[in-house]
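Structure, as structure tokens:
The values are calculated or read from the model by the stated rules, or taken from the named source; none is laboratory data. Here the structure is a predicted model, which means the values were calculated and not measured. Heads up, the Cβs are rebuilt from the backbone with ideal geometry, glycines too, and the neighbour counts pull from every protein chain shown.
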Amino acid sequence: MKKDNKNLTKKISQIVVAILVVIGVYFLGYFRGHQDLIFEKGYIPKILNKEQGKPKDLDFSLFWDVWNRIEEKYPGQLDRQKMIYGAIQGLVEGVGDPYSVFMDPTLNKEFLSEIEGSFEGIGAEVSIKNGKLTIVAPLENSPSAKAGIKAGDLVLKIDGVDTEGMGIDEAITKIRGSKGSKVTLTIQRDNEAPRDIEMIRETIEVKSVKYEIKDNIAIIEVSQFGGDTVDLMNQAADDINNKNVKGIVLDLRNNPGGYLDSAVDVASFFIKDGLVVSEEYKDGKRDEFKANGNAKLAGKPLVVLINEGSASAAEIVAGAIQDHKVGRIIGKNSFGKGSVQDLEEFGDGSGLRLTVAKWLTPSGRYINSEGIKTDIEVSITSQDEAAGRDPQLERAIKELK
């Protein structure tokens, strides 16, 4: 009887071990097959990459290995949400396109404020060009303009931090800041020696359109294509038509761009009908944007001023006017940004600017890197600036008289 009990106990032990092995193998397989779980409030699991069209064949194990190492070994306090934003920023930077940017809620709010005409900072548009952090354009009367920053200047350091390899979103975050605070940019211009320029950040209030009438010539300056641009252009156009001017100078110098629809609407003031710009997508399909019929200023003699700081939407307007032969282009060749970004805002306030297409002038020109070439090239020297002369504007007015 004791022997039978011993055999029975042995058998039960073997069965229990076998069951434990099966359970262990099951859970090992389960967790191995569910490495892509994330846990939300209440620890409800959600399987990543289960949706149709997601890249199921990608191995995310390295990402989680690094994440786990940080969780296990980093001695400081972790901000996991900031880590997630950083991972997404790295994902977008990995595309290799300087104009595609993921912005956390704070940066996205600042960007939207800027395009609407009010923000705090130094008032300079920056971008990555040829792998270098570059000033696209300083805004008029901004701290950057007052400090002598110019379009095309390379930003080598921000507060002593080297910008080599720095993403555009990180650079913008470092340059911007609250009113009254200081920032120092190490600038290199052409082949000159680098120099430090310290600036005090201010609240930048920008009306995107200003105009004046000088010697019976209307001079319209558009500093960016924002939410107020079309309304201000309508006001200017009505007043100009009442004054019966000889001609118009459209000044797009140091205009870094803005909204596509604003650019199309501004071009439509001078172009009666036809194509303003087209967008070409990855699959070869195109969207065409035509003049809207609000050609209040069409038919008047027109000169457009551009320079190295004229970019994106400013180049769309200049290119359309040039292709339709309704105005001459004077100044220096423009920046050369021929891509279109889609702006999407997410539920937490973060945003994604993603390049979704390239844009073409009405004649089909793709101006990326090359820019809009002037009909008449006119430079402004340092001597001109010191003397307060503007030979580009002087030449434009001369063309219209």
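Are any of the residues in the range 152-168 surrounded by fewer than 21 Cβ atoms within 10 Å (Cβ to Cβ) and under 22 Å from Asp251 (Cβ atoms)? Within the range 152-168, one or more residues are surrounded by fewer than 21 Cβ atoms within 10 Å (Cβ to Cβ) and under 22 Å from Asp251 (Cβ atoms). Of everything in the range 369-387 that is aliphatic (A, V, I, L, M) and touching an Asp or Glu at 6+ places or on another chain (Cβ under 8 Å), the residue that is nearest to Gly331 (Cα to Cα) is Ile376.
Would you confirm whether any residue within the range 64-74 is buried (at least 17 other Cβ atoms within 10 Å of the Cβ), aromatic (Phe, Trp, Tyr), touching a residue at least 24 places away in the same chain (Cβ under 8 Å) and out of contact with any Lys or Arg (no Cβ under 7 Å at 6 or more places or on another chain)? So far as the range 64-74 goes, no, none of its residues is buried (at least 17 other Cβ atoms within 10 Å of the Cβ), aromatic (Phe, Trp, Tyr), touching a residue at least 24 places away in the same chain (Cβ under 8 Å) and out of contact with any Lys or Arg (no Cβ under 7 Å at 6 or more places or on another chain). If you filter the range 351-369 down to residues that are part of a loop (DSSP other than H, G, I, E, B) and in contact with a Ser or Thr (Cβ under 9 Å, 6 or more places away or on another chain), you find that the one that is nearest to Glu93 (Cα to Cα) is Asn368.
Residues that are over 17 Å from Ile172 (Cα atoms) number at least 2 in the following helices (runs of 4 or more DSSP H) confined to the range 60-136: 61-73, 80-93.
Of all residues in the range 348-386, how many are surrounded by 14 or more Cβ atoms within 10 Å (Cβ to Cβ), of a type in the set (S, T, N, Q) and touching a helix residue (DSSP H, G or I) at 6+ places or on another chain (Cβ under 6 Å)? Looking only at that region, the number is 2. Do we find a residue being touching a strand residue (DSSP E or B) at 6+ places or on another chain (Cβ under 7 Å), closer than 24 Å to Asp273 by Cα, exposed (fewer than 14 other Cβ atoms within 10 Å of the Cβ) and at pLDDT 95 or above anywhere in the range 288-299? Checking the range 288-299: at least one residue is touching a strand residue (DSSP E or B) at 6+ places or on another chain (Cβ under 7 Å), closer than 24 Å to Asp273 by Cα, exposed (fewer than 14 other Cβ atoms within 10 Å of the Cβ) and at pLDDT 95 or above.
Of the residues Pro45, Pro55, Pro98, the single one that is of a type outside the set (Ser, Thr, Tyr), modelled with pLDDT under 90 and touching a Ser or Thr at 6+ places or on another chain (Cβ under 8 Å) is Pro98. If Gly148 meets every condition in (1) more than 19 Å from Ser127 (Cα to Cα); (2) touching a residue at least 12 places away in the same chain (Cβ under 8 Å); (3) part of a loop (DSSP other than H, G, I, E, B) apart from one, which number is that one? For Gly148, the failing item is (1). Looking for something among the charged types (D, E, K, R), in contact (Cβ under 8 Å) with a residue 60 or more places away in the chain and touching a Gly at 6+ places or on another chain (Cβ under 9 Å) - is there at least one such residue anywhere in the range 352-363? Checking the range 352-363: at least one residue is among the charged types (D, E, K, R), in contact (Cβ under 8 Å) with a residue 60 or more places away in the chain and touching a Gly at 6+ places or on another chain (Cβ under 9 Å). When Ala218 is tested against (1) within 30 Å of Asp97 (Cα to Cα); (2) assigned to a strand (DSSP E or B), exactly one condition is not met: (1).
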